[in-house]
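Written out below as structure tokens is the structure these notes cover.
Read-outs: derived from the displayed coordinates by stated rules, not from any lab. The structure displayed is predicted, hence computed values, not measured ones. Note: ideal-geometry Cβ built from the backbone for every residue, glycine included; neighbour counts use all protein chains shown.
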Amino acid sequence: MTIQDSNLQVMNPGTEQAVSRLFEEFSRDKLKTRLIGSGSKSNLGNPLGSYQRLVSSVQLAGLVDYQPEDLTITVQAGMPFAKLQSILGEQGQMLPLDPPELEGQTIGGLLATNRNGPRRLLYGAARDLLIGCRFVLSDGSIGHSGGRVVKNVAGYDLHKLFIGSFGTLGMLTEVTFKVAPRPQYVGAGQAEFGSVEQAYQAARQCVRSNLTPSALETVQEDISPNASCILLFAAEGMRVAVDGQLAGLSEICRKAGAVSTKLLEDGPAVLQAEANLENRYNTLEGQPLQIRVSTTLTGLPRAHALLAEIGRAAGGDARVVSRAGSGITYLLARPAPPKLEKLAPLIKKGREASQVDGGSLVVERAPVEIWPQLDAWGDFGDANASMQALKNALDPRHLLNPDLFKL
Amino acid sequence: MSVSEKDAAQVGPEVKATPIDREKLVRDMAGIVGPEGVLHKTYDLKLYEYDGSVDKHLPEVVVFPRSAEQVARIVKYCNREQLFYTARGAGTGLSGGSIPLRGGILVAFTRMNKILEIDAENLRAVVEPGLVNLHLSQAVAPYGLYFVPDPSSQKACTIGGNVAENSGGPHTLVYGVTTNHVTGLEVVTPDGEIRHYGGKATDAPGYDMVGLFVGSEGTLGLVTKVTVKLTPLPPAVKTFLAIFDSVEKCSNAVSGIIRNGVIPAALEMMDNLMIGAVEASSHAGYPLDAAAVLLVECEGLPDALEQQAGTIEDICRREGATQFRTAKDAAEREALWKGRKGAFGAVGRMSPDYYVVDGVVPRSKLPKVLAAVGDISRKYNLPIANVFHAGDGNLHPLVMFDGNKPGDLQKAVKAGEDIIRMCAEEGGTLSGEHGIGVEKRDMMCFIFNEDDLAIMRRVRQAFDTKGLCNPEKVIPTPGRCGETRIATARKAQEIYERDAMQAW
């Protein structure tokens with residue numbers, strides 16, 4: 001979207017050296033530079049400040065090294081995520097990240113924006129899977145951290161810094177992941193609860209139980225007060241074991257007061273549809289409002305209520321969805337235009353309430369009218385000085401993806 | 001000029017050791033932590049000059065803070081007075097991370113050892129850094145929970161030390177190492193300010209400061225509070241031994257298990273020399289005549305457990321396991337683990353000294369690398385026992401030597417360096433869990449070039465602007481890389497001579 005709007009030509013360096021040469025030149029001339037992959041997630045976070053150069057990683061899309069017997073793979077960062085999965089799939093393996101599907105999205109883009117999905121409950125997020133990377137800093141220097149082995153404490157874990165950094169520290173050129181065998185079977189089920197609180201309580205009991213669900217998601221489509229709530233659950237592994245797990249999860253839900261429980265056909269499709277929910281709101285014609293709150297498991301009901309309140313104020317189509325085993329909850333909405341001015345103060349209030357126990361409220365997507373009144377991430381508390389020091393060390397002239405982070 | 005040249009020219013802030021007025025220092029420290037929180041007599045300091053590695057250096061003073069505020073005051077004092085400072089937990093580290101290489105203040109965290117909160121519903125605990133690793137798992141066991149990282153030193157090592165080194169342990173194969181189990185940190189940064197990264201919640205916006213700090217070996221600041229993830233105890237556990245008549249078959253079995261994707265909770269390997277040492281000290285029940293054994297632990301729901309164990313047994317038999325023994329009860333299981341976790345100590349009974357190596361290789365390279373370790377043992381004519389986390393390719397060859405025999409220590413250090421160099425050449429790394437510290441600092445160039453190191457130096461200086469925080473650790477000084485071999489040999493010679501002096 002924004003890429004076409006821009007009059008700038010997209011530069012597509014095909015080697016790490018070429019990226020380095022470009023950056024060295026831009027740095028000399030103090031040219032602010034926007035970094036992108038395929039541009040599929042360019043409406044995430046704060047709008048960018050002005051920039052003079054636009055560099056994409058899509059020509060850095062090769063397979064570098066794949067050792068199926070070691071369960072590790074190294075690829076260039078511009079490789080499309082779908083391509084990576086298909087390479088792994090040929091060997092019966094997968095990268096267990098299940099972000100919302102977007103046409104052409106690159107691995108580098110997924111890492112920079114730290115996307116994931118329902119199955120993070122079992123497999124973790126990008127920080128648990130990325131074991132090394134190569135990168136280019138804004139002055140053209142090339143570096144690497146980590147390696148291609150699953151256990152490694154040599155040097156600083158700089159690769160973790162790039163996850164969720166939105167391209168503000170440097171450009172990833174090559175990444176190494178630990179991967180997993182594809183499960184023999186993925187099964188899913190759901191339980192309906194009369195209240196949101198009951199659904200979360202059931203989810204907490206599932207987490208504390210002997211069982212190992214791969215996903216626990218609450219979905220509330222009708223966010224009016226006292227509406228019912230669905231808890232979606234999934235398990236994966238050998239067929240027999242999965243059946244046992246699903247039976248156990250259903251049982252926990254029934255004991256926790258579920259109105260009904262049922263098993264669902266085609267577990268993988270159910271989970272992918274769940275991961276893709278935000279795409280329904282993130283369309284070209286509508287202006288999505290997508291807010292994420294990170295909290296504790298016991299903090300979820302309150303965070304959910306907060307988001308539901310914002311959703312109701314926004315009017316229009318809205319729902320609240322949670323990674324109920326991971327302490328993450330989302331508002332997905334398409335606000336009615338006249339309601340916009342009311343939203344910013346409500347969101348700020350919600351943010352203040354969310355900032356306990358390391359929790360946070362992030363405005364991932366919002367109608368353009370809202371941005372002047374809101375920062376996507378909010379302040380970083382007393383960690384701000386450390387993040388600023390890092391930014392100054394790695395991108396001293398603040399050239400990369402300007403103003404995305406207010407540091 | 002390129003960035004690396006620039007960096008080499010500017011080595012960062014020049015740090016001078018100010019002549020220290022010991023009496024004033026002790027008085028000032030007592031003013032912060034109370035007189036009972038300061039050690040300064042040489043006799044006492046001697047206990048704090050070493051850790052589990054071969055290096056030593058005396059601090060000027062050891063202080064025992066009780067709060068983050070006291071730590072912050074100590075760090076501010078160091079800034080004002082240009083004093084070096086180094087954090088220390090239990091001193092069980094194996095790479096010299098807590099040795100005050102340039103003297104100054106050693107900040108010992110043993111009095112900050114409380115569990116501040118157990119939040120079982122949210123699977124979190126908030127603890128002080130001096131808490132002993134095992135004490136945490138014991139405290140949360142009544143809630144059906146545990147803390148996953150379980151280094152062999154877990155009876156003594158501290159959570160703060162685990163955070164500094166990003167420690168592992170046998171049971172981190174499936175669930176990950178320390179960095180995967182820490183969600184929040186309170187840190188006193190080198191500017192003397194108390195800062196909070198993350199918390200009980202995950203996915204804090206901004207940069208992953210927790211991810212950077214875990215494993216930074218105390219070079220970016222001092223951790224004063226840790227929020228950890230707790231994990232439900234497994235419903236059932238099955239522990240068994242697969243016995244092999246050759247090391248090669250055993251390592252092939254490891255490769256086969258990983259390739260198959262049935263990854264057990266723990267997958268540990270020991271060779272014949274190690275089995276002998278372990279049996280001599282603990283009578284755990286390992287077969288003395290085996291060339292190698294695999295200690296395997298599976299956990300989960302009983303049905304799935306049996307199926308997984310069955311698959312692993314099939315793979316082992318296919319690769320030539322001669323025997324398969326299952327621990328029949330908790331006592332047998334504990335005996336096997338006691339033997340495994342006491343392995344380093346057991347070697348201490350067999351050999352006057354030993355040098356633990358901590359290399360990692362891609363798992364499919366294990367057969368090749370283990371054969372090469374045998375060659376290195378013959379080359380230096382020093383016995384090398386192998387015990388290691390086979391599942392993650394994390395080797396722990398123990399090079400046995402006699403420090404009283406002239407030249408033996410140097411040979412051991414060189415053998416260790418040969419092993420590490422080979423791991424690097426096979427696509428692996430210098431350390432899986434023991435850290436770089438001072439021990440492997442000058443080997444960093446086996447896997448990082450000057451540009452990589454210059455960037456790490458930039459990150460370090462962003463925090464430690466004055467160069468006072470745990471000096472001379474992890475990152476070699478620029479231009480040092482070419483000289484590694486000589487430097488290590490010289491270091492070994494110095495240690496040898498110093499020890500010889502002390503023996504007098």
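Calculated mean residue ellipticity at 222 nm for chain A: -9000 deg cm²/dmol, from DSSP H runs with n ≥ 4 weighted as -39500 (n - 2.57), summed, divided by the residue count and rounded to 500. Take the Kirkwood radius over Cα pairs of region A:96-137, plug it into Stokes-Einstein at 10 °C and 1.306 mPa s, and you get 143 µm²/s for translational diffusion.
Positive end of the charge dipole of region A:260-304 (Lys, Arg +1 and Asp, Glu -1 on Cβ, about the Cα centre): tell me which of A:Leu271, A:Tyr281, A:Ser294 has its Cα farthest that way. Value: A:Ser294. If you wrap the Cα atoms of region B:69-150 in a convex hull and average its projected area over all directions, you get 6.5 nm². Ordering B:Val75, B:Gly407, B:Phe147 by Cα displacement along the dipole of chain B toward the positive end leaves B:Val75 in first place; charges were set at the Cβ atoms of Lys, Arg (+1) and Asp, Glu (-1).
Viscosity 1.306 mPa s, temperature 10 °C: Stokes-Einstein D of chain B from its Kirkwood Cα radius, in µm² per second? If you can, show how the numbers build up before the last one.
On the way: Rh = 23.7 Å.
This corresponds to a translational diffusion coefficient of 67 µm²/s.
Overall size of the protein assembly as shown from C-alpha positions, given as principal axis extents largest first: 87, 62, 56 Å. Estimated from helices alone, the mean residue ellipticity of chain B at 222 nm is -11500 deg cm²/dmol (sum of -39500 (n - 2.57) over DSSP H runs with n ≥ 4, per residue).
Arranged by the count of other C-beta atoms within 10 angstrom, fewest first, what order do A:His304, A:His398, B:His396 take? Show your work: numbers first, answer last.
Working: A:His304 27, A:His398 17, B:His396 24.
Exposure proxy ranking, most exposed first: A:His398, B:His396, A:His304.
Give me the one-decimal Kirkwood hydrodynamic radius in Å for chain A, with the sum taken over alpha-carbon pairs. For chain A, inverting the mean 1/r across all distinct Cα pairs yields 22.1 Å. Largest GNM mean-square fluctuation across A:Ala275, A:Ala385, A:Ala305, computed for chain A with C-alpha springs under 10 Å, falls on A:Ala385.
Tell me which DSSP H helices of chain A clear both cut-offs, 27 Å or more of axial length from alpha-carbon atoms and a mean Kyte-Doolittle hydropathy of at least 0.0. Don't skip to the end; give the middle numbers.
Details: long enough: none.
Long hydrophobic helices here: none detected.
Put a plus charge on the Cβ of each Lys and Arg, a minus charge on the Cβ of each Asp and Glu, and nothing anywhere else: the dipole of region B:351-399 about its Cα centre is then about 240 debye. Taken along the Cα-to-beta-carbon direction at a fixed 7 Å, the label points for B:Ala236 and A:Ile230 span 3.4 nm. Here the Debye sum runs over all C-alpha atoms of region B:269-370 as equal scatterers in vacuum, and log10 of I(q)/I(0) at q = 0.12, 0.20 Å⁻¹ comes out as -0.48, -1.22.
How big is the convex hull of the Cα atoms of region A:292-407, per residue, in Å³?
On the way: hull volume 12.5 nm³, N = 116.
About 108 Å³ per residue, rounded to a whole number.
Note on A:Asp243 and B:Glu313: with the Förster distance fixed at 22 Å, the Cβ-Cβ geometry gives a FRET efficiency of about 0.40.
Quick check on my link table: of A:Lys349/A:Lys406; A:Lys160/B:Lys76; A:Lys391/B:Lys200; B:Lys24/B:Lys76, which ones sit more than 27 Å apart, alpha carbon to alpha carbon? Write out the running numbers ahead of the final one.
Values: A:Lys349/A:Lys406 20 Å; A:Lys160/B:Lys76 29 Å; A:Lys391/B:Lys200 25 Å; B:Lys24/B:Lys76 16 Å.
From A:Lys349/A:Lys406; A:Lys160/B:Lys76; A:Lys391/B:Lys200; B:Lys24/B:Lys76, over 27 Å: A:Lys160/B:Lys76.
Counting residues in region A:87-186 as N, plug N into 2.2 N^0.38 Å and put the Cα Rg over that result. For region A:87-186, the normalised Cα radius of gyration is 1.10. Each Lys and Arg Cβ is given +1 and each Asp and Glu Cβ -1; about its Cα centre, the protein assembly as shown then shows a dipole of about 1040 debye. For region B:276-416, the residue among B:Thr311, B:Val387, B:Leu370 whose Cα projects farthest onto the positive side of the dipole built from Cβ charges is B:Leu370.
This ranking places A:Lys41, B:Lys249 by how few other beta-carbon atoms lie within 10 Å of each, fewest first, which gives B:Lys249, A:Lys41. Taking Rh as the Kirkwood radius computed over C-alpha pairs, what is the Stokes-Einstein D of region A:1-76 at 20 °C in a medium of viscosity 1.002 mPa s, expressed in µm² per second? Rounded, D is 151 µm²/s.
This model, with +1 at the C-beta of Lys and Arg and -1 at the C-beta of Asp and Glu, gives chain B a dipole about its Cα centre of some 680 debye.
In plain terms, the residue of B:Lys328, B:Lys365 with the fewest other Cβ atoms within 10 Å comes first and the most crowded comes last, giving B:Lys328, B:Lys365.
Averaging over every viewing direction, what projected area does the convex hull of the Cα atoms of region B:173-309 cover, in nm²? Numbers along the way, then the final one.
Details: hull surface 47.5 nm².
Mean projected area of the Cα convex hull: 11.9 nm².
Quick one: Kirkwood hydrodynamic radius for region B:67-214, alpha-carbon pairs, angstrom, one decimal? List each step's numbers first, then the result.
Details: mean 1/r = 0.0623 Å⁻¹.
Taking every pair of different Cα atoms in region B:67-214, averaging 1/r and inverting gives 16.1 Å.
Short to long, the 10 Å bins of the Cα pair-distance histogram for region B:169-230 hold 22, 53, 22, 3 percent of all pairs. Kirkwood hydrodynamic radius computed over region A:20-151 comes to 16.1 Å, based on all pairs of distinct alpha carbons. Relative to one another, the C-alpha centroids of region B:56-116 and region B:293-363 are positioned 37 Å apart.
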